[in-house]
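Input: a single structure, listed below in structure tokens.
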Amino acid sequence: MKRVSFHTLGCRLNQAETALLTSDLLEHGYQLVEWGEPAEVVVVNTCAVTGIASRKSRQVISLARRRHPHAFLVVCGCAASDPGLMRGAWGRQVDLLLPNPKPQRLSAYLPEEPRHPFLAPLPVVEEPLPEDGFVLPGVGVPGERTRANLKVQDGCSFRCTYCIVPSVRGPARSRSWEDVLREAGELSARGYRELVVTGVNVATYRQPQGDLADLLEALLALPGDFRIRLGSVEPGPCLERVIDLMARNPRMCRFLHLPLQYGEAGILRRMGRRYTVEEYAATVRTAAERIPDICLGTDVMVGFPGEDDAAFEECFRYLDSLPLALMHVFCYSPRPGTPAAEWPARPPAAQSRPREKRLLALGERKAREFAVGQVGQVLPVLLEEGAGRRQGWSDNYLSVVVPSLPPGCEEKEILPCRIRGVLPGNPREVVGEVVPG
Ligand code: SF4
């Protein structure tokens, strides 16, 4: 039996796609082994959203080749769609290149023998772009045993001026309604207790049966004891009904990750984002008012061309004024082929690094304030199976350590836990105890 291992970089969508590639190979007689263990086939699912992500992808490819000199090395994902990546030495390390969209049947492309790097050119397999209403065979096999990512959408037709995603994933298209429900039903039947709805721009999900809010409602109507977490979602018109659903249905995790990117009107406009700072703040405040203890998260990028001290201070004050509990902070990195990559007035690292640091500190403070505010609350916590120490995730995205389990309670269950305190170190980590039913 051939052994295969995967290494996935980047977003939840990439993880969902690795899970589907895994399911196909297991169906075709492959054995999944841990990354780093001996394997005949090694798959690196790459990311290109930032310069750092591309660099990390290249590093993992080289590491994979060093560790597995004789394995068949497959590279897929967003960096594989970046023509620059595979030129020269990189290309020679790889046996098969799969730019997006990922094949539905990877097993069909795996030959018996690896190619000779100098004798045979690098095979590149480009599958046609799936149409709207696409179907994905199989049921994802995630690396975890309690939560699974559920791909519902791919691509993006927005054109934010800094973003490479539309050029490496293509225009927006939605997965077939029935196919989403099919995989969700299967994942629930296999014991996954949390399904994370993911895509590139899930806010644009649309099928004849309905939009994102309708799909979430349909997922919640499926039989089975599982909860739904919505992955990162672009701020936009569909959120009103999503917030309403989240306020009404306890099986919807109280979690909304709304990438803002910047908190000052001028820079936001230059980024080509589709909302104003006022509209974004209104959405966030509405969610906080309607859904008590919701975890509101965001992405923010510093160092964008045109950013100066005044813009940054305004952005800082704006973020500080919002009820956010989670902030991912990045430094802008020019991406090949994007409009902003050509723009002047990009702040030097000597300015953007300290700004990044200040926002990271703000994010840490807000996360801790949120966690402290949860002390005394009873939260539904999904305990991870086999995590060594007993740990799980609350619906509002706190990592909860549960020292002991009352008799009759098991891991992989969603249990009511009273939060007893915030642990030192990671501001998202708390300690809790199960409240006997
Ligand atoms: S919405 Fe903007 S940032 Fe997000 S994937 Fe689309 S183009 Fe990129």
**Message:** From the C-alpha coordinates alone, can you work out the Kirkwood hydrodynamic radius of segment 150-261, in Å?
**Reply:** 14.4 Å
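Between ARG290 and THR276, 0.36 nm times their residue separation minus their Cα-Cα distance comes to what? Let's see the in-between values first.
Numbers: separation 14, 0.36 × 14 = 5.04 nm, distance 2.13 nm.
In short, 2.9 nm is gained.
So if I take the alpha carbon set of segment 269-375, get Rg, then get Rh from the Kirkwood formula, what is the Rg over Rh ratio? Please list the in-between numbers first.
Working: Rg = 15.1 Å, Rh = 15.1 Å.
Expressed as Rg/Rh, it is 1.00.
From the mean inverse distance of alpha carbon pairs (Kirkwood) and the Cα radius of gyration, derive Rg over Rh for segment 250-311.
Numbers: Rg = 13.6 Å, Rh = 12.9 Å.
My calculation of the ratio gives 1.05.
What does the convex hull of the Cα atoms of segment 139-189 come to per residue, in Å³, rounded to a whole number?
Convex hull volume per residue, Cα atoms: 98 Å³.
When DSSP assigns beta bridges and you keep just the ones with both residues in the chain, what percent turn out antiparallel, to the nearest 5? Intermediate results must be reported in sequence, preceding the final value.
Working: 20 of 61 bridges.
Rounded to the nearest five, the antiparallel share is 35 percent.
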**Request:** Would you work out which of SER23, THR338, CYS160 lies farthest towards the positive end of the dipole of the chain, given +1 charges on the beta-carbon of Lys and Arg and -1 on that of Asp and Glu, about the Cα centre?
**Result:** THR338
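How large is the charge dipole for the chain, taken about the Cα centre, if only the Cβ atoms of Lys, Arg (+1) and Asp, Glu (-1) carry charge, to the nearest 20 debye?
Values: 53 positive and 52 negative charges, 200 e Å.
Dipole size: approximately 960 debye.
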**Request:** Might you report the magnitude of the Cβ-based charge dipole of segment 279-418 about its Cα centre, with Lys and Arg at +1 and Asp and Glu at -1, to the nearest 20 debye?
**Result:** 320 debye
**Prompt:** Could you state the number of Å between the C-alpha centres of segment 401-437 and segment 246-292?
**Reply:** 29 Å
**Message:** Let me test this: with uniform point scatterers at the alpha carbons of segment 90-238, what is the Debye-based log₁₀ I(q)/I(0) at q = 0.11, 0.18, 0.19 1/Å?
**Reply:** -0.51, -1.10, -1.17
**Fill in**
Per the 1/(1 + (r/R0)^6) rule, R0 = 22 Å and r from the Cβ atoms of ASP299 and ALA345, FRET efficiency to 0.05 is 0.50
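Report Rg(Cα)/(2.2 N^0.38 Å) for segment 1-108, keeping two decimals.
Dividing the Cα Rg of segment 1-108 by 2.2 N^0.38 Å gives 0.97.
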**Prompt:** Which three semi-axes in whole Å describe the equivalent ellipsoid of segment 320-437, each the square root of 5 times a Cα gyration tensor eigenvalue, listed largest first?
**Reply:** 39, 16, 11
**Prompt:** How much length, in nm to one decimal, is gained on full extension between LEU129 and ALA310, taken as 0.36 nm per residue of separation minus their Cα-Cα distance?
**Reply:** 60.8 nm
**Message:** Restricted to Cα positions, what overall size does the chain have along the principal axes? Three whole-Å values, descending.
**Reply:** 64, 61, 46
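Only the coordinates and a few stated rules stand behind these numbers; no lab work does. Bear in mind that the values here come from a model prediction, so they are computed numbers and not experimental data. Positions of Cβ are backbone-derived with ideal geometry, glycine not excepted, and every protein chain shown enters the neighbour counts.
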